[in-house]
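**Q** Can you read through this structure? Questions will come right after.
The values are calculated or read from the model by the stated rules, or taken from the named source; none is laboratory data. This one's a predicted model, so the numbers in the text were calculated from it and none came from an experiment. Ideal geometry is used to build each Cβ from the backbone, glycine not excepted, and the neighbour counts take in all protein chains shown. The area values use the complete protein model at the heavy-atom level, side chains included, leaving out ligands, DNA and RNA. Shrake-Rupley method; radii C 1.70, N 1.55, O 1.52, S 1.80 Å.
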Amino acid sequence: QLQLVESGGGLVQPGGSLRLSCAASGYNLRDHPIGWFRQAPGKEREGVSCITSADGSIKYGDSVKGRFFISRDVAKNTVYLQMNSLKPEDTAVYYCATDGTIQTWCTLSDQPYDFWGQGTQVTVSS
């Protein structure tokens, strides 16, 4: 059974850092694209970052470029989102997502992603 589990969220001050983890089971992350998304109350879901199976393409949303970084650890079957210089507007529930078949695309649109984790809360406040 394919599962994605996010962890690493919490409460941080503006300017602080967090590293989110997306651990996969039931399939090998190396063969699939992974996307990170976030959603704040009353707002639409926003694409944060994505990475292809071969790390050949990485994308970031404009609001996080230069601050957030995505990476993959094949041995641990885990994808990470390193978040630096956090701002209050980064407050949201963060989700990771993937496609159930082998793919090479990377997109910040949530439409093609078939499997989603449960989300982890990130709160940035002083």
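**Q** Here are LYS65, LYS87: which of them is out of contact with any Pro (no Cβ under 9 Å at 6 or more places or on another chain) and surrounded by fewer than 21 Cβ atoms within 10 Å (Cβ to Cβ)?
**A** Sole residue among the options that is out of contact with any Pro (no Cβ under 9 Å at 6 or more places or on another chain) and surrounded by fewer than 21 Cβ atoms within 10 Å (Cβ to Cβ): LYS65.
**Q** Report, by residue number, each residue of segment 90-117 that is open to solvent by less than 50 Å² (accessible area, probe 1.4 Å), among the hydrophobic types (A, V, I, L, M, F, W, C) and closer than 14 Å to SER49 by Cβ.
**A** Correct list: ALA92, CYS96, ALA97, CYS106.
**Q** Taking only pairs six or more apart or across chains, which ones have beta-carbon atoms under 6 Å, a first residue in segment 35-63 that is more than 19 Å from THR91 (Cα to Cα), and a second residue that is acidic (Asp, Glu) and surrounded by 13 or more Cβ atoms within 10 Å (Cβ to Cβ)?
**A** Matching pairs, first to second residue: SER53/ASP31.
**Q** Among the residues of segment 83-96, is there at least one that is on the phi > 0 side of the Ramachandran plot and either of a type in the set (Ser, Thr, Tyr) or modelled with pLDDT under 95 (or both)?
**A** yes
**Q** Filtering segment 68-84 down to residues that are assigned to a strand (DSSP E or B) and surrounded by fewer than 18 Cβ atoms within 10 Å (Cβ to Cβ), which residue is farthest from the chain's Cα centre (by Cα)? Write out each step before concluding.
**A** Keep residues of segment 68-84 that are assigned to a strand (DSSP E or B), which gives 68-73, 78-83.
If we keep only those that are surrounded by fewer than 18 Cβ atoms within 10 Å (Cβ to Cβ) as well, we get 69, 71, 73, 82.
Details: PHE69: 10, SER71: 10, ASP73: 14, GLN82: 9 Å.
Ranking the qualifying residues of segment 68-84, first place goes to ASP73.
**Q** What number of residues within segment 26-51 satisfy the criterion of being in contact with a Phe, Trp or Tyr (Cβ under 8 Å, 6 or more places away or on another chain) and open to solvent by 10 Å² or more (accessible area, probe 1.4 Å)?
**A** Within segment 26-51, the subset in contact with a Phe, Trp or Tyr (Cβ under 8 Å, 6 or more places away or on another chain) is 33, 35-39, 45-50.
With the extra rule that they be open to solvent by 10 Å² or more (accessible area, probe 1.4 Å), the set shrinks to 38-39, 45-47.
Result for segment 26-51: 5.
Rundown of residues vs (1) modelled with pLDDT under 95; (2) under 16 Å from ASP114 (Cα atoms); (3) of a type outside the set (A, V, I, L, M); (4) not in a loop (DSSP other than H, G, I, E, B), yes/no style:
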| position | (1), (2), (3), (4) |
| --- | --- |
| GLN1 | yes, yes, yes, no |
| LEU11 | no, no, no, yes |
| PRO14 | no, no, yes, no |
| LEU20 | no, no, no, yes |
| PHE37 | no, yes, yes, yes |
| PRO41 | yes, no, yes, no |
